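In what follows, a structure is listed as structure tokens, so that the remarks can point back to it.
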Amino acid sequence: TGCEASPSCLYCPLPQCRYDDPVWYQQYRQRGKDKVILDTQEFEGATVFELAARFQLSPRTIHRALRRARMPVAVSA
């Protein structure tokens, strides 16, 4: 029946099922959001306060998102 990531499990683009590891899926989605914030800062030269206004987040949350986006992805076994 699929989920929010794909209408069908057979054609899902995720490397693993979101229902198998909900914590992984939450982190996967968060990384995507963080990447959008980082890309916006790098390509447009936006300040933290401009990013906060655009994404309707606090400047502190923007700082955390930028830090997470710059960290290497940990590989789980």
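The values are calculated or read from the model by the stated rules, or taken from the named source; none is laboratory data. Note that the structure is a prediction, hence the values are computed from the model and not measured. Reconstructed Cβ throughout: ideal geometry from the backbone, glycine too, with neighbour counts over all protein chains shown. Calculation scope for accessible area: heavy atoms of the full protein, side chains included, ligands and nucleic acids excluded. Shrake-Rupley method; radii C 1.70, N 1.55, O 1.52, S 1.80 Å.
Determine the pairs where a residue that is touching a residue at least 12 places away in the same chain (Cβ under 8 Å) and of a type in the set (A, V, I, L, M), located within the range 39-59, has a partner that is open to solvent by less than 70 Å² (accessible area, probe 1.4 Å) and part of a helix (DSSP H, G or I) with Cβ atoms under 7 Å apart, the partner being 6 or more residues away or on another chain.
Val48/Pro59; Val48/Ile62; Leu51/Ile37; Leu51/Thr40; Leu51/Gln41; Leu51/Ile62
Consider Asp34 against the criteria (1) part of a helix (DSSP H, G or I); (2) loosely packed, with under 13 Cβ neighbours inside 10 Å: it satisfies all of them except one. Which criterion is unmet?
(2)
Suppose we filter the range 7-31 for residues that are surrounded by fewer than 14 Cβ atoms within 10 Å (Cβ to Cβ) and part of a loop (DSSP other than H, G, I, E, B); how many remain?
The qualifying residues number 8.
How many residues does the range 37-60 contain that are of a type in the set (Phe, Trp, Tyr) and open to solvent by 100 Å² or more (accessible area, probe 1.4 Å)? It would help to see each step written out before you state the result.
We begin by selecting, within the range 37-60, every residue of a type in the set (Phe, Trp, Tyr); these are 43, 49, 55.
Still in the running and open to solvent by 100 Å² or more (accessible area, probe 1.4 Å): 43, 49.
Residues flagged as of a type in the set (Phe, Trp, Tyr) and open to solvent by 100 Å² or more (accessible area, probe 1.4 Å) within the range 37-60 amount to 2.
Here is a list of conditions, (1) loosely packed, with under 14 Cβ neighbours inside 10 Å; (2) in contact with a Cys (Cβ under 9 Å, 6 or more places away or on another chain), and Arg67 meets all of them except one; can you say which number that is?
(2)
Please specify each residue of the range 52-62 satisfying the condition of being part of a helix (DSSP H, G or I) and farther than 11 Å from Asp34 by Cβ.
Initial filter on the range 52-62 (part of a helix (DSSP H, G or I)): 52-55, 59-62.
Within the range 52-62, Ala52, Ala53, Arg54, Pro59, Arg60 qualify.
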